[in-house]
Amino acid sequence: MVNSLSHAGIGLLIVSLFGLREREGKLAVLFSLLPDLDFIPYALFILLENGLSHETRNSLFYFLGHREFMHSILFIILAVLLLHIAERNIRLTIACFLAILSHVYLDYATSWKMRPLFPFIKESSTLGAFDFFDPVINVISMIPLFILLLGYQRNKGKWQNMDPVYGFLQQHNRLIIVFITCLFIIWCALAPFTKLMLVKYVSATENCDISYQNMAPVSFGKFLGAYSFNETHYKIFETTYWNGIYRSDLIPKRSHATLNAMNSRYISKAAALYNSSLPQEIDYPVYNITESSTTITVVISDARSVYVKYWEYFKVEYIFVFDKENSTFTAFTKDQRSRERSVPLNRFIDA
C-alpha cells in the first residue's frame with residue numbers, strides 16, 4: 001500500500017463492519033498496522049549486521065528484515081492465536097485476523113516482493129496486481145478515516161457546514177460500510193485476474209512466456225515487463241489494459257568495449273557474489289564493466305531501471321570493485337538518488 005494511513009483506513013472499515021467499540025476497535029486498527037512495526041527489529045538488524053557471519057546475517061534477515069517474517073502467513077497465525085488466547089473473543093479475533101490479513105495481502109498485491117510462505121518457501125514473490133497509488137484502494141481506505149475525522153470535528157463544535165454530509169453518513173452508515181467493503185473485496189479479487197489476462201495476451205503477442213510476478217505495476221492499469229530476448233539483450237516493455245504494448249526497447253545484458261575472457265570472469269564473480277546476498281532486488285541483471293590500471297569495476301543493475309524514475313526498488317545498483325593484484329574486492333550500493341553506500345562484505349560469499 002501507499003502508506004500506513006491507508007492500512008489504518010482498511011482497519012477502520014473492518015472495525016465499522018464488525019461494530020467494534022473503544023478498546024476492541026483500537027486493537028483491530030493496531031492489527032491492520034502491525035506488520036509495518038517490523039521497522040523496529042529491522043533497525044536493530046542494521047545496527048548488528050556488520051558483526052555477523054554471512055550465514056547468521058542471512059538467517060536473521062529472513063526474520064528481522066522489512067517485509068519479511070512479519071509479512072508472512074505464519075506471523076499472522078501466531079499473532080491472531082496469541083490475541084485469541086488473551087482475549088477469548090471470537091468476533092474480535094476474526095476482525096483482527098481480517099485486519100492483519102488485509103495488510104499483508106495489499107502489500108503482496110503491489111510491486112515489492114515478499115516471502116509470505118516463509119519458512120516453508122524462502123523464494124520471494126509478488127502478485128503485482130496494482131500499484132502503490134491505486135485510486136480504488138486508496139479512496140476506499142480514506143472513507144472510514146474521513147467519517148472518523150468528521151465525527152471528531154463535530155464533537156469539538158467544528159465543521160458545522162458539514163452537517164448535511166454528517167447526517168447522510170449517519171443515516172446510511174451501515175449501507176455505506178457494506179458497499180465499500182464489497183467493492184474492496186471485489187477489486188482485490190479482480191485485479192490479479194485481470195492482470196493474468198493481460199500477461200497471457202502479452203505472452204501471445206510476444207510469442208514468449210512472460211513472467212506474471214515480474215510484470216510490475218507502475219501506475220493505474222499500466223505495467224512494466226521484461227524478458228530475455230536473446231543471449232545478449234533483454235526486451236523491456238510498457239503495457240496497459242487498453243493499449244497493449246505501446247513502448248519497448250532492447251537493453252544489452254552486458255556493456256563493455258572489449259568483452260574478453262578476463263572481463264567475463266569478473267562479471268561471473270560479481271554475479272556469484274550478488275546471488276549469495278539478501279535481499280534479491282534485481283530480476284533482470286545488467287552488467288556494466290569498467291577497468292583501470294589496478295581495478296575492475298562491475299556494476300549490476302536491473303534492466304527495467306531505465307523506465308522508472310522514482311522507484312527505488314528498480315533503481316538500486318550493486319557496485320563491486322575488484323583489485324587486480326590481490327583479488328580482494330569492495331562493494332557498494334547506489335539508490336535512485338545516486339547515494340552510494342558501502343556494503344559490509346559479510347553480505348556475500350567470496351567463492
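The values are calculated or read from the model by the stated rules, or taken from the named source; none is laboratory data. Only a predicted model underlies this, so the values are computations on that prediction, with no experimental measurement involved. Using ideal geometry, Cβ is built from the backbone for each residue, glycine included, and neighbour counts are taken over all protein chains shown. Just so you know, the surface numbers come from the protein's heavy atoms only, side chains and all, with ligands and any DNA or RNA stripped out. Shrake-Rupley method; radii C 1.70, N 1.55, O 1.52, S 1.80 Å.
For region 216-258, filtering for residues that are of a type in the set (A, V, I, L, M, F, W, C), assigned to a strand (DSSP E or B) and under 30 Å from Ser268 (Cα atoms) leaves 7. Could you please tell me which pairs satisfy a Cβ distance under 9 Å, a separation of 6+ or placement on different chains, a first residue in region 115-139 that is under 25 Å from Leu198 (Cα atoms), and a second residue that is β-branched (Val, Ile, Thr) and open to solvent by 60 Å² or more (accessible area, probe 1.4 Å)? The qualifying pairs are Arg115/Ile121; Pro116/Ile73.
Restricting the first member to region 21-40 and to residues that are under 16 Å from Leu98 (Cα atoms) and at pLDDT 95 or above, and the second to residues that are polar (S, T, N, Q) and open to solvent by 30 Å² or more (accessible area, probe 1.4 Å), the beta-carbon pairs closer than 7 Å and six or more apart or on different chains are Leu33/Ser4. In this structure, does Leu44 turn out to be without any contact (Cβ under 8 Å) to a residue 60 or more places away in the chain and more than 21 Å from Val80 (Cα to Cα)? Against the criterion (without any contact (Cβ under 8 Å) to a residue 60 or more places away in the chain and more than 21 Å from Val80 (Cα to Cα)), Leu44 qualifies. State yes or no: is Ile140 assigned to a helix (DSSP H, G or I), closer than 30 Å to Asn243 by Cβ and either open to solvent by 70 Å² or more (accessible area, probe 1.4 Å) or touching a Pro at 6+ places or on another chain (Cβ under 9 Å) (or both)? No. Of everything in region 147-166 that is surrounded by 15 or more Cβ atoms within 10 Å (Cβ to Cβ) and at pLDDT 85 or above, the residue that is farthest from Leu17 (Cα to Cα) is Leu150.
Collect the residues in region 193-203 that are touching a residue at least 40 places away in the same chain (Cβ under 8 Å) and either open to solvent by 70 Å² or more (accessible area, probe 1.4 Å) or among the aromatic types (Phe, Trp, Tyr) (or both), keeping them in residue-number order. If the condition is that a residue be touching a residue at least 40 places away in the same chain (Cβ under 8 Å) and either open to solvent by 70 Å² or more (accessible area, probe 1.4 Å) or among the aromatic types (Phe, Trp, Tyr) (or both), then Tyr201 is the only one that fits. Residues that are open to solvent by 30 Å² or more (accessible area, probe 1.4 Å) and polar (S, T, N, Q) number at least 1 in the following strands (runs of 3 or more DSSP E) confined to region 261-333: 285-291, 295-302. Scanning region 167-192 for residues that are part of a helix (DSSP H, G or I), without any contact (Cβ under 8 Å) to a residue 40 or more places away in the chain and either open to solvent by 70 Å² or more (accessible area, probe 1.4 Å) or farther than 18 Å from Gly9 by Cα (or both) turns up Gly167, Phe168, Gln170, Gln171, Arg174, Leu175, Phe179, Ile185, Ile186, Ala189, Leu190.
Whenever a residue of region 60-77 is farther than 10 Å from Pro116 by Cα and assigned to a helix (DSSP H, G or I), its partners that are aromatic (Phe, Trp, Tyr) and open to solvent by less than 20 Å² (accessible area, probe 1.4 Å), lying with C-beta atoms within less than 7 angstrom and at least six residues away or across chains, give the pairs Leu60/Phe45; Phe61/Phe45; Tyr62/Phe118; Leu64/Phe45. A count restricted to region 13-35 and to residues that are touching a Pro at 6+ places or on another chain (Cβ under 6 Å) and open to solvent by 50 Å² or more (accessible area, probe 1.4 Å) stands at 0. Within the option set Ile289, Ile349, being more than 28 Å from Gly225 (Cβ to Cβ), at pLDDT 85 or above and β-branched (Val, Ile, Thr) holds for one residue only, Ile349.
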